[in-house]
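Asks: Before anything else, here's the structure in question.
The values are calculated or read from the model by the stated rules, or taken from the named source; none is laboratory data. Just so we're clear, the structure is a prediction, and the values are computed from it rather than from any experiment. Cβ atoms come from the backbone with ideal geometry, glycine included; neighbour counts cover every protein chain shown.
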Amino acid sequence: ASSGKTTLLNALCAHVSDGERIITVEDIAELRLQTQHVLRFEARPATYDGSLEVSLATLLRSALRMRPDRFVLGEVRGSEAIDMLTAMNTGHHGSLATCHANSPDDALRRIESMVLQAAPQWPLSAVREHMQAAVDVIVHVERSPNGHRRIREVTEVSMRPDVLGTKTIWAEGSSPARLSRGRQ
């Protein structure tokens, strides 16, 4: 919490070409993107009788029909993880999302767990292949004990037979390494 995830998303999106159509999907609207072609979707909780709910998963599925160039998901917390990965795997390179995690590897395990909770029938190997195809880079941000927010590590997602992991391409105090997957 308060590590700077939303601030980082805003900063990264400031470098997206004005010609690209971005769709943001959030529980609570916090993103303040300054690009020209932004559609903002905000989830709506259910009313007292359980009706009228609009979930992040529903919004992501609807957004796919609106020809976005990129998705920005404010935070992935649950079953919408499947829809996020599907959106990222359907030609929406450069899409962004945040999740709470203690490390880049922990972020992978958390997303994996969210997908498996929502779709327990999926084989673990299929979940990992789906994740590896969708997620190129994980940027780990944290708030230090003195309250400063900082990028702690940038990792590339890699897969060895049935094992999804990360490879550090930059860490605080080090020189950057090259991406091995060749994507931007």
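Asks: Cβ-Cβ below 6 Å, separation at least six or inter-chain, first residue in segment 32-47 and more than 16 Å from Asp18 (Cβ to Cβ), second part of a loop (DSSP other than H, G, I, E, B) and acidic (Asp, Glu): which pairs?
Replies: Correct list of pairs: Ala43/Asp27; Ala46/Glu53.
Asks: Moving on to the next point. Can you name the residue in segment 98-115 that is touching a helix residue (DSSP H, G or I) at 6+ places or on another chain (Cβ under 6 Å) and aliphatic (A, V, I, L, M) and is also farthest from Ala29 (Cα to Cα) among such residues?
Replies: Among residues in segment 98-115 that are touching a helix residue (DSSP H, G or I) at 6+ places or on another chain (Cβ under 6 Å) and aliphatic (A, V, I, L, M), the one farthest from Ala29 (Cα to Cα) is Val115.
Asks: Which residue, of Asp105, Asp136, is acidic (Asp, Glu) and closer than 24 Å to Leu33 by Cα?
Replies: Asp136
Asks: Could you list, in sequence order, the residues of segment 11-37 that are within 17 Å of the chain's Cα centre (by Cα) and crowded, with 16+ Cβ neighbours inside 10 Å?
Replies: Cys13, Val16, Ile22, Ile23, Thr24, Val25, Glu26, Asp27, Leu31, Leu33
Asks: Which condition breaks for Val16 when tested against (1) more than 30 Å from Pro123 (Cα to Cα); (2) without any contact (Cβ under 8 Å) to a residue 60 or more places away in the chain?
Replies: (2)
Asks: While we're on this one: Counting just the residues of segment 96-146 that are modelled with pLDDT of 95 or more, part of a loop (DSSP other than H, G, I, E, B) and among the hydroxyl-bearing types (Ser, Thr, Tyr), which one comes out nearest to Pro161 (Cα to Cα)?
Replies: Residue satisfying both the conditions and the ranking: Ser103.
Each row is one residue, and each column tells you yes or no for (1) closer than 19 Å to Leu12 by Cα; (2) free of Cβ contacts under 8 Å to residues at least 40 places away in the same chain.
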position: Ala97; (1), (2): yes, yes
position: Pro104; (1), (2): yes, no
position: Glu112; (1), (2): no, no
position: Val115; (1), (2): no, yes
position: Ser125; (1), (2): no, yes
position: Val135; (1), (2): yes, no
position: Val154; (1), (2): yes, yes
position: Ser174; (1), (2): no, yes
